[in-house]
Amino acid sequence: MAEVDKEAIQVLVVEDDSDICDMLCLGLASAGYKVVKASDGRDAMRNLKRHSDISLIVSDIRMPEMSGVELLEFCKKNRPEIPVILISGDPRFLTAGHYLSEVVTVHPKPLSLEKLLQSIDSTLRKAAESPMIKTSA
């Protein structure tokens, strides 16, 4: 399989904990991805309208205003080409990916950057094989 061109990938990170959000954004930027951050689902929706070149979303599940699951539902209806990776510190959500969609990955917090980068790479490779999913700007 071809290597993912990280410089062509813009990742939207959605996390209400500013420290975790900053850590994720810094790690993804250091790995070569372009990053946009949002503090909750509503902020993410605004960013999705502003940035048509978002290729992937990494979102917390439990957030004020609009949860990651609600954001996922919005994306499925309005931006189905964008794959979503969900993260949560609540162990009850760790099997949610099975129920939400076959293409959603759910990871526990704390999440190692290495594990997240592997998941992003795997998700983008799968997305590249799908005509529905956009992986480059």
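The values are calculated or read from the model by the stated rules, or taken from the named source; none is laboratory data. Everything numeric here is computed off the predicted structure, so don't read it as measured data. Neighbour counts run over all protein chains shown; Cβ positions are idealised from the backbone, glycine included.
Within region 62-75, the only residue that satisfies the criterion of being under 13 Å from the mean Cα position of the chain (by Cα) and either of a type in the set (Lys, Arg) or closer than 19 Å to residue 22 by Cβ (or both) is 68. The set of residues from region 1-32 being aliphatic (A, V, I, L, M) and over 12 Å from the mean Cα position of the chain (by Cα) comprises 1, 2, 4, 8, 20, 23, 26, 29, 31.
A search for C-beta distances below 7 Å between a residue of region 109-124 that is free of Cβ contacts under 8 Å to residues at least 24 places away in the same chain and any residue that is surrounded by 14 or more Cβ atoms within 10 Å (Cβ to Cβ) and of a type outside the set (S, T, N, Q), counting only pairs 6+ apart in sequence or on different chains, returns 115/107. Could you run through region 109-137 and say how many residues are farther than 21 Å from residue 48 by Cβ and at pLDDT below 65? Residues that pass the stated criteria total 0. Of the helices (runs of 4 or more DSSP H) that lie entirely inside region 39-108, those containing 1 or more residues that are at pLDDT 90 or above and closer than 19 Å to residue 28 by Cα span 41-50. The set of residues in region 2-38 being assigned to a loop (DSSP other than H, G, I, E, B) and free of Cβ contacts under 8 Å to residues at least 12 places away in the same chain consists of 3 alone.
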